[in-house]
Amino acid sequence: MFPRVTVIQELGQKAGQLPEFQRAALAPKLLATLPPVLHDADDGVAEALRRDADLDADPAAGMSAAEFRTAVAASRRQ
């Protein structure tokens, strides 16, 4: 059913040798072949409500939009 590990390794090595723009074009095509990550029967509503309750209980646990953007930018620089 699944390709042998050596085939996967070979594909990974060949893909890694592609120029960055070609790897960037290939990545979403491969991702599109996978099933969606979110399989909750309620489309994630229960998780959203849980997180909302967490923030109501401890507002300091959250972050502003500016703090979020700063954290994302910092993680991309690493």
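The values are calculated or read from the model by the stated rules, or taken from the named source; none is laboratory data. Worth saying up front: this structure is predicted, and the values here are computed from it rather than measured. Here the Cβ is made from the backbone with ideal geometry for all residues, glycine too, and neighbour counts use every protein chain on show.
Some values worked out for this structure:
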read-out	value
Flag if residue 49 is farther than 30 Å from residue 63 by Cβ, surrounded by 10 or more Cβ atoms within 10 Å (Cβ to Cβ) and out of contact with any strand residue (DSSP E or B) (no Cβ under 6 Å at 6 or more places or on another chain)	no
Residues located in region 31-46, provided they are surrounded by 10 or more Cβ atoms within 10 Å (Cβ to Cβ) and under 30 Å from residue 15 (Cβ atoms)	none
The one condition in (1) modelled with pLDDT of 90 or more; (2) surrounded by 11 or more Cβ atoms within 10 Å (Cβ to Cβ) that residue 59 fails to fulfil	(2)
